[in-house]
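The values are calculated or read from the model by the stated rules, or taken from the named source; none is laboratory data. Note that the structure is a prediction, hence the values are computed from the model and not measured. A quick note on method: Cβ atoms are made from the backbone with ideal geometry, for glycine too, and the neighbour counts reach across all protein chains shown. Please note that ligands, DNA and RNA were not included when accessible areas were found on the heavy atoms of the full protein model with its side chains. Shrake-Rupley method; radii C 1.70, N 1.55, O 1.52, S 1.80 Å.
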Amino acid sequence: MEVVLEGVSHTYNGKEYALEEIDLSIDGPGMYLVVGPNGSGKTTLLKIVSLNLRPSRGRVTVDGVDAWNTSKKEFAELKSRFVYSHDKPILLRGTFRYNLTMGGRLSGRVDEDFMKRLVELFRVEKLLERKSWELSAGQAKICSLIRALSVKAEVYALDEPFNSLDSSNVSRLLSVLRELSNTKAVLVSTHFLYEGLLNSAKKTIRLINGKIA
Ligand SMILES: Nc1ncnc2c1ncn2[C@@H]1O[C@H](COP(=O)(O)OP(=O)(O)O)[C@@H](O)[C@H]1O
Ligand SMILES: [Mg+2]
């Protein structure tokens, strides 16, 4: 699967540009790192690539289809091939376990075996019955990551996935992302370059003030 951005710009307020004239291709499996300081446009870029935000200008094509100029039905089909995971974990009122499957809303799209493996890897078995509002920031982040990673998709756009994680969980996540990127496109945004991250990347996209540096 190939996602191509051509001349993509985005403004939230009609004045300043969060992204300006971005040309980029996500070309099959691999890890794509999006790095840059706070406010450089990383989140905006991930939302646009994963079809969660329509850019003010420019084109986003998925396997040659102009995503924002196609039928509603085709757009929905295209979008179902992407997963976007928010920087801030967004959890529903319910347990850790409930959030992993969003109370069944994700059923059919979840790789149950992979989810089980991740629950074991991150050692969160004991948290499964805990309510989402009783989780620490790091625990909530793990919950939202396991949920995102176990949804079957082709492109995983993970916004600041390492935020709030301790060093053991950072290295566990890094190994999972390396494995996943053998078969899927994994976009990872980060404002901090963790050890081993740069040499795991197929492509590194450096953003400064909304432009590719
Ligand atoms: N919803 C929004 N409304 C207005 N401005 C926004 C919004 N989201 C982001 N911005 C602005 O767009 C720019 C890029 O933000 P963002 O993509 O979140 O950067 P990053 O993820 O690299 O920190 C920043 O200047 C930010 O203030
Ligand atoms: Mg961000």
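State which residue is nearest to LYS184 (Cα to Cα) when the search covers only region 139-168 and only residues that are away from ligand 1 (no atom under 16 Å from the Cβ) and open to solvent by 20 Å² or more (accessible area, probe 1.4 Å).
Only one residue fits best here, namely GLU154.
In region 2-22, what residues are on the phi > 0 side of the Ramachandran plot and either acidic (Asp, Glu) or outside any strand (DSSP E or B) (or both)?
Answer for region 2-22, where residues must be on the phi > 0 side of the Ramachandran plot and either acidic (Asp, Glu) or outside any strand (DSSP E or B) (or both): GLY14, GLU21.
Which strands (runs of 3 or more DSSP E) sit wholly inside region 138-213 and have at least 2 residues that are farther than 23 Å from SER40 by Cβ and touching a Gly at 6+ places or on another chain (Cβ under 6 Å)?
none
Can you tell me which residue in region 23-41 is most open to solvent (accessible area, probe 1.4 Å), limited to those that are among the small types (Gly, Ala, Ser) and at negative phi?
SER25
Considering only region 91-136, state which residues are free of Cβ contacts under 8 Å to residues at least 40 places away in the same chain, within 21 Å of SER167 (Cβ to Cβ), out of contact with any Asp or Glu (no Cβ under 8 Å at 6 or more places or on another chain) and hydrophobic (A, V, I, L, M, F, W, C).
Answer for region 91-136, where residues must be free of Cβ contacts under 8 Å to residues at least 40 places away in the same chain, within 21 Å of SER167 (Cβ to Cβ), out of contact with any Asp or Glu (no Cβ under 8 Å at 6 or more places or on another chain) and hydrophobic (A, V, I, L, M, F, W, C): VAL124, LEU127.
What number of residues within region 61-87 are charged (D, E, K, R), in contact (Cβ under 8 Å) with a residue 60 or more places away in the chain and open to solvent by 60 Å² or more (accessible area, probe 1.4 Å)?
Total meeting the criteria: 1.
Can you tell me which residue is farthest from GLY14 (Cα to Cα) among those in region 45-54 that are open to solvent by less than 10 Å² (accessible area, probe 1.4 Å) and either touching a His at 6+ places or on another chain (Cβ under 6 Å) or within 14 Å of ligand 2 (Cβ to nearest atom) (or both)?
Taking region 45-54 and keeping what is open to solvent by less than 10 Å² (accessible area, probe 1.4 Å), we get 45-46, 48-51.
Cutting the leftovers down to either touching a His at 6+ places or on another chain (Cβ under 6 Å) or within 14 Å of ligand 2 (Cβ to nearest atom) (or both) gives us 45-46, 48-50.
Numbers: LEU45: 17, LEU46: 20, ILE48: 17, VAL49: 21, SER50: 22 Å.
Among those that are open to solvent by less than 10 Å² (accessible area, probe 1.4 Å) and either touching a His at 6+ places or on another chain (Cβ under 6 Å) or within 14 Å of ligand 2 (Cβ to nearest atom) (or both), it is SER50.
Of the conditions (1) surrounded by fewer than 15 Cβ atoms within 10 Å (Cβ to Cβ); (2) on the phi > 0 side of the Ramachandran plot; (3) within 16 Å of ligand 1 (Cβ to nearest atom), GLY58 clears all except one; give me its number.
It is condition (1) that GLY58 fails.
When region 199-213 is examined, which residues are found to be surrounded by 12 or more Cβ atoms within 10 Å (Cβ to Cβ) and within 23 Å of SER164 (Cα to Cα)? Give the derivation first.
Quick first cut of region 199-213, residues surrounded by 12 or more Cβ atoms within 10 Å (Cβ to Cβ) only: 200-212.
Correct list: SER200, ALA201, THR204, ILE205, ARG206, LEU207.
Taking VAL4, is it in contact (Cβ under 8 Å) with a residue 12 or more places away in the chain and more than 16 Å from ligand 1 (Cβ to nearest atom)?
Considered against the rule, which asks whether it is in contact (Cβ under 8 Å) with a residue 12 or more places away in the chain and more than 16 Å from ligand 1 (Cβ to nearest atom), VAL4 comes out as yes.
Which residues, counting only those in region 184-196, are more than 16 Å from ligand 2 (Cβ to nearest atom) and touching a strand residue (DSSP E or B) at 6+ places or on another chain (Cβ under 8 Å)?
LYS184, ALA185, VAL186, listed by residue number.
Tell me whether region 23-34 contains one or more residues that are outside any strand (DSSP E or B) and more than 17 Å from VAL83 (Cβ to Cβ).
no
Which of the numbered conditions does ARG97 fail, given that it passes all the others? Conditions: (1) among the charged types (D, E, K, R); (2) over 14 Å from LEU5 (Cβ atoms); (3) surrounded by fewer than 14 Cβ atoms within 10 Å (Cβ to Cβ).
(3)
Consider PRO89 carefully, then state whether it is within 16 Å of ligand 2 (Cβ to nearest atom) and more than 24 Å from CYS143 (Cβ to Cβ). Even if it seems obvious, please write down each step before you answer.
On the way: within 16 Å of ligand 2 (Cβ to nearest atom): yes; more than 24 Å from CYS143 (Cβ to Cβ): no.
It is false that PRO89 is within 16 Å of ligand 2 (Cβ to nearest atom) and more than 24 Å from CYS143 (Cβ to Cβ).
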